[in-house]
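The values are calculated or read from the model by the stated rules, or taken from the named source; none is laboratory data. Not measured: the values here are computed from a predicted model. Positions of Cβ are backbone-derived with ideal geometry, glycine not excepted, and every protein chain shown enters the neighbour counts. When the accessible area is computed, the model is the full protein with side chains, heavy atoms only, and any ligands, DNA or RNA have been set aside. Shrake-Rupley method; radii C 1.70, N 1.55, O 1.52, S 1.80 Å.
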Amino acid sequence: MNYHWNWGIFGEQVKGGEETYLDWLATGLGWTLAVSLTAWLLALVIGIAVGALRTAPSRPIALIGSAWVELFRNIPLLVQMFLWFFVVPELLPQEWGLWVKQDMPAKEFVTAALCLGFFTSARVAEQVRAGIGSLPRGQRDAALALGLTLPQTYRHVILPQALRIVIPPLTSEFMNVFKNSSIAFAIGVMELTFQARQMQEDSEQGIETYLAVTLLYFICAFAANRGMAWIEARTRVPGLIARTS
Amino acid sequence: MIEIRDLSKAYGGTPVLKACSTTVAKGEVVVVCGPSGSGKSTLIKCVNGLEPFQHGSITVDGVSVGDPKTDLPRLRARVGMVFQHFELFPHMSVRKNLALAQIRVLGREADEADARGLRLLDRVGLVAHADKHPAQLSGGQQQRVAIARALAMDPVCMLFDEPTSALDPEMIGEVLDVMVELAREGMTMMVVTHEMGFARQVAHRVIFMDHGEIVEDAPAAQFFAAPASERAQGFLARILHH
Ligand SMILES: Nc1ncnc2c1ncn2[C@@H]1O[C@H](COP(=O)(O)OP(=O)(O)OP(=O)(O)O)[C@@H](O)[C@H]1O
Ligand SMILES: [Mg+2]
């Protein structure tokens with residue numbers, strides 16, 4: 001192989017610009033983190049709410065929850081990204097659509113974070129529903145029997161237990177968010193994958209570029225994993241044998 | 001205190017309770033027994049509205065349970081319930097288990113709720129364990145905490161669903177002792193149990209259920225001396241044989 005290795009490439013200036021390639025990757029990492037963390041926050045809030053709704057005693061409410069989950073988990077993520085970017089603005093009332101297309105700040109970022117957040121929320125909701133389902137039914141009865149309302153029962157008794165149970169499966173969802181965020185490049189978010197392609201074309205040092213980007217994604221996913229493990233340890237209930245799932 | 005009239009309930013097409021009627025007067029202790037699947041749990045869960053029912057009526061302290069206008073959480077706050085599997089909240093310390101509903105439902109201040117909780121823990125002999133979590137206690141201790149948790153709400157009556165049947169034999173006594181004391185203090189109690197010793201000691205009446213029906217409803221002495229129905233006789237013979 002006649003490849004010319006150059007690990008010094010990261011410190012070099014980009015063609016026709018002041019910044020270095022390292023600056024490009026740093027910007028990319030910044031956007032990857034911004035998209036992923038925003039999406040994850042959204043996914044947690046919506047996913048917990050929808051997961052809880054799916055276990056509600058009322059049929060219509062539970063159905064709304066199922067519809068949400070099926071909608072987001074049966075369409076490929078890349079297609080969802082394009083739908084949000086190209087189709088949804090057209091479906092909005094005309095003035096809003098115009099605003100989204102022309103004036104909305106950080107349009108690509110907002111679209112990508114919303115899309116990835118909703119997509120992941122469906123997966124979080126499934127985990128949360130399963131977690132709630134694994135609790136003994138007596139816990140709900142006991143809370144209601146004390147006079148707690150149904151929302152109070154979820155808030156103080158059911159969700160705190162269900163969320164502890166689902167930390168391990170949620171860990172892999174959190175790691176997936178970082179990996180899936182790479183799809184945001186398709187609508188022009190200048191995240192890691194986007195910057196990597198640009199650097200590869202500009203510098204013609206593709207191998208170094210993609211090895212560096214691989215390492216950065218790896219670090220993100222690994223940090224997500226460690227962070228969740230830390231939360232799991234912090235919230236462990238004394239006396240309960242750790243449940244393995 | 002508790003008045004059950006013509007109560008019927010079905011799951012899908014299968015009837016689980018058939019025209020059950022009985023009353024529990026203030027200060028009365030009524031034991032409910034009967035074979036597995038006869039509807040005992042369903043009956044007492046109807047009393048605090050945990051199970052909906054299709055026909056008949058239940059009133060607790062003058063409040064109709066089946067009336068859609070009834071504020072069920074408020075009613076339930078006044079009816080203590082103790083479960084077969086304790087159902088303490090495993091993620092909370094014993095102290096917090098006792099305080100939660102006092103604060104959230106009765107609106108008591110945290111200090112007041114905590115003090116009330118500790119007094120009741122003392123009464124069931126468990127103050128030393130206030131800061132432990134349920135999983136760190138034995139079954140008997142957990143059930144005593146569960147009784148204390150129900151009492152912390154100052155209930156007007158107490159429902160028990162087989163409170164000792166999930167316990168190791170050596171722990172049954174400590175739980176029954178607490179219940180006997182409660183009965184002697186005049187608490188209105190409806191107790192599903194097969195502990196006939198407890199029934200003889202404190203029950204005023206015994207209800208025998210079979211296939212969703214109240215087959216027999218008699219003063220305790222009479223029930224044990226000479227059960228009227230053959231089914232109750234057979235049941236007693238089997239259960240006392242052990
Ligand atoms: N959620 C449910 N769906 C359908 N059938 C049910 C349900 N819960 C209880 N049943 C049925 O209702 C009947 C009465 O049940 P219940 O739990 O009240 O009996 P029990 O007398 O308490 O029995 P055990 O001594 O086993 O606790 C049983 O035949 C049971 O199979
Ligand atoms: Mg039962």
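One chain, two ends: residue B:67 and residue B:25. Fully extended at 0.36 nm per residue, the span grows by 13.0 nm beyond their Cα-Cα distance.
Just subtract the alpha-carbon distance of residue B:165 and residue B:122 from 0.36 nm times their residue separation and send over the number in nm, one decimal.
Details: separation 43, 0.36 × 43 = 15.48 nm, distance 2.41 nm.
Extending this stretch completely gives an extra 13.1 nm.
Note on chain A: Cα convex hull, mean projected area over all directions, 18.2 nm². Computed with a 1.4 angstrom probe on protein heavy atoms, the A-B interface buries about 2000 square angstrom of accessible area in total. Excluding same-chain neighbours fewer than eight residues apart, the lysines reachable from residue B:69 by a Cα-Cα span under 21 Å are B:9, B:45. Computed over the protein assembly as shown, the P(r) curve from all C-alpha pair distances, binned at 20 Å from the origin, holds 20, 39, 24, 14, 3, 0 percent per bin. Each of B:207, A:2, A:223 was scored by the projection of its Cα onto the charge dipole of the protein assembly as shown, and the greatest displacement toward the positive side belongs to B:207; charges sit on the C-beta of Lys, Arg, Asp and Glu.
With loop defined by DSSP as not H, G, I, E or B, and exposure as at most 13 other Cβ atoms within 10 Å, which is the longest segment of chain A clear of exposed chymotrypsin sites (Phe, Trp or Tyr not before Pro)?
Values: sites that count: A:3, A:5.
By the stated rule (loop sites, at most 13 other Cβ atoms within 10 Å), A:6-245.
Between residue A:7 and residue A:33, take the C-beta separation as r, use R0 = 22 Å, and let me know the FRET efficiency to the nearest 0.05. Efficiency, from the Cβ-Cβ distance: 0.35.
Burial of accessible area (probe 1.4 Å, heavy atoms of protein chains only) in region B:47-92, relative to its chain alone, reaches at least 20 Å² for B:50, B:73, B:76, B:83, B:87, B:89, B:90, B:91.
Amide H contacts of residue B:55 (H built 1.01 Å from N, in plane; Pro and chain starts excluded): B:8 sit under 5 Å, all sequence-distant by 5 or more or on other chains. Put simply, the amide H of residue B:216, placed in the peptide plane, has neighbours under 5 Å in B:208, leaving out anything fewer than 5 places away on its chain. Select from A:65, A:97, A:28 the residue whose mean-square fluctuation is largest in a Gaussian network model of chain A (Cα-Cα springs shorter than 10 Å). With Cα springs under 10 Å in chain A, the top fluctuation among A:65, A:97, A:28 is at A:97.
Between residue A:103 and residue B:11, take the C-beta separation as r, use R0 = 51 Å, and let me know the FRET efficiency to the nearest 0.05. Write down the numbers at each step before the final one.
On the way: r = 58 Å, r/R0 = 1.13.
Efficiency at R0 = 51 Å is approximately 0.30.
Between residue A:26 and residue A:234, the contour length at 0.36 nm per residue exceeds the alpha carbon distance by 71.7 nm.
Can you list the trypsin sites (Lys or Arg not before Pro) in region A:1-103 that are in a DSSP coil and have 10 or fewer other beta carbons within 10 angstrom?
Details: sites: A:15, A:54, A:73, A:101; in loops: A:15, A:54.
Those that pass, being in a loop and sparsely packed, are A:15.
Here region B:97-218 is treated as a sphere whose radius is the Kirkwood value from Cα pairs; by Stokes-Einstein at 37 °C and 0.692 mPa s it diffuses with a coefficient of 211 µm²/s.
Using θ = phi - 60° in the Karplus curve 6.51 cos²θ - 1.76 cosθ + 1.60, the 3J(HN,Hα) couplings for region B:174-190 round to 4, 6, 4, 4, 4, 5, 4, 4, 4, 4, 5, 7, x, 5, 6, 9, 10 Hz; x is entered for Gly and Pro.
Tabulate in residue order the Karplus-calculated ³J(HN,Hα) for region A:218-231, using 6.51 cos²θ - 1.76 cosθ + 1.60 with θ = phi - 60°, rounded to whole Hz; enter x for Gly and Pro. After applying 6.51 cos²θ - 1.76 cosθ + 1.60, I find 4, 4, 4, 5, 5, 4, 4, 4, 5, x, 5, 5, 5, 4 Hz. Counted by Cβ distance under 15 Å from residue A:126, the other residues give a net charge of +2, where Lys and Arg count +1 and Asp and Glu count -1. A simple rule links phi to the HN-Hα coupling: the Karplus curve 6.51 cos²θ - 1.76 cosθ + 1.60 with θ = phi - 60°, which for region B:163-172 gives x, 10, 7, 9, 9, 5, x, 6, 9, 4 Hz, with x for Gly and Pro. Per residue, the accessible area of region B:53-192 comes to 41 Å², computed with a 1.4 Å probe over protein heavy atoms only. Charging the Cβ of each Asp and Glu at -1 and of each Lys and Arg at +1, and nothing else, the dipole of region B:15-147 about its Cα centre rounds to 120 debye.
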